[in-house]
Amino acid sequence: MHDLIVAAVLGVVEGLTEFLPVSSTGHLLLLGHFLGFESKGKAFEILVQLGAILAILLVYFRRLLDIALRLPTDPSARRFVIGVLVAFLPAAVIGALAHGFIKGVLFNSPFLICCTLIAGGLVLLVVDELELEVKHHDATKFPLSMYLKIGFIQCLAMVPGVSRSGSTIVGAMLLGADKRAAAEFSFFLAMPTMAGAFAYDLMKNYKELAGSDIALIGVGFVTAFISALIVVRSFLDFVSKRGFTPFAWWRIIVGSAGLAGLWVFG
């Protein structure tokens, strides 16, 4: 029962943080460390993302359906789909090649996660205050070269604590996107990236998963789905009005608290 409650809590944390620039993986790994929760091969932390994936698919279903229906006749729709695939490609290749190192080394360093949370928060504070030249207001109309550059920047998030959404949002803004368009493209890019990570990790770990593991992942999936729905529906309006400073300070606070916890409890 204790593990099921912990899985539910971690699922809520996953859903609340997956699409925010605060690093859901960093939060899950740190919280799991201090709660004494550890899944086989860190599979829970990846597979529970399915709940967040389905949440964003539900929220964006009409837009995705519209794009799909326009593919045969609309060049702009085809160009956007190609752009998302181009942005996804670097993570797919590098993630597959470095999978063992990422899961075996980086995922097992709470100290590194705390440091990257703090560093990422400082980066967000700086970027949020920069007077950047805004050239792109529509996430579906970025230049193809810009999609590719964002894809490479996303690869920084393979280091837990960096944040997939944070890296893509900051990258898009530095390349000329406004805050809303940057955040929205992060949503679109999350779909193939998270689905790919889920499928790859499931393929790698399915033989090791026991019935109890599946139950934990199921509980985490449900709570991640519900909490992610709340975030996806409200995040774009929030960042358009408030920017990313609140998330920057949250990262710094969590990272600092984590360092303090490691120093006291180990």
Discussion item. Just the residues that are more than 30 Å from A119 (Cβ to Cβ), surrounded by fewer than 16 Cβ atoms within 10 Å (Cβ to Cβ) and without any contact (Cβ under 8 Å) to a residue 24 or more places away in the chain, please, taken from the range 211-249.
Written reply: G211, I214
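Report yes if some residue within the range 232-243 is among the acidic types (D, E) and farther than 21 Å from H2 by Cα; otherwise report no.
yes
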Discussion item. Looking only at the range 187-210, how many residues end up being surrounded by 20 or more Cβ atoms within 10 Å (Cβ to Cβ) and of a type in the set (S, T, Y)?
Written reply: 1
Discussion item. Please pick out the residue among F34, F61, F88 that is at pLDDT 95 or above and either within 17 Å of Q154 (Cα to Cα) or more than 18 Å from the chain's Cα centre (by Cα) (or both).
Written reply: F88
Response to the item:
When (1) under 24 Å from E184 (Cβ atoms); (2) in a loop (DSSP other than H, G, I, E, B); (3) of a type in the set (A, V, I, L, M, F, W, C) are applied to I82, the one that fails is (2)
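Given V48, V59, V86, which one is of a type in the set (V, I, T) and within 22 Å of I102 (Cα to Cα)?
Exactly one of V48, V59, V86 is of a type in the set (V, I, T) and within 22 Å of I102 (Cα to Cα), namely V48.
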Worksheet item: Looking at L4, L69, L50, L10, which one is modelled with pLDDT of 90 or more, in contact with a helix residue (DSSP H, G or I) (Cβ under 7 Å, 6 or more places away or on another chain) and of a type outside the set (S, T, Y)?
Response: L10
Practice prompt. Only residues that are in contact (Cβ under 8 Å) with a residue 60 or more places away in the chain and crowded, with 24+ Cβ neighbours inside 10 Å: list them for the range 25-43, please.
Written response: T25, G26, H27, L29, L30
Worksheet item: Do you know which residues across the range 65-77 are surrounded by 11 or more Cβ atoms within 10 Å (Cβ to Cβ) and more than 17 Å from F185 (Cβ to Cβ)?
Response: A68, L69, R70, L71, D74
Worksheet item: Can you tell me how many residues in the range 131-152 are part of a loop (DSSP other than H, G, I, E, B) and either under 17 Å from P21 (Cα atoms) or small (G, A, S) (or both)?
Response: 0
Worksheet item: (1) over 29 Å from H33 (Cα atoms); (2) within 19 Å of the chain's Cα centre (by Cα): which one isn't true of F142, the others all being true?
Response: (2)
Practice prompt. Test F61 against the criterion of being out of contact with any helix residue (DSSP H, G or I) (no Cβ under 8 Å at 6 or more places or on another chain), surrounded by fewer than 17 Cβ atoms within 10 Å (Cβ to Cβ) and under 25 Å from V231 (Cα atoms), and give yes or no.
Written response: yes
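Take D128 and tell me if it is acidic (D, E) and crowded, with 16+ Cβ neighbours inside 10 Å.
yes
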Worksheet item: Is it the case that the range 130-147 has a residue that's touching a Ser or Thr at 6+ places or on another chain (Cβ under 6 Å) and not basic (K, R)?
Response: no
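The values are calculated or read from the model by the stated rules, or taken from the named source; none is laboratory data. What you are looking at is a predicted structure, and each value in this text was computed from that prediction instead of being measured. Cβ sites come from the backbone with ideal geometry, for glycine too, and all protein chains shown count toward neighbours.
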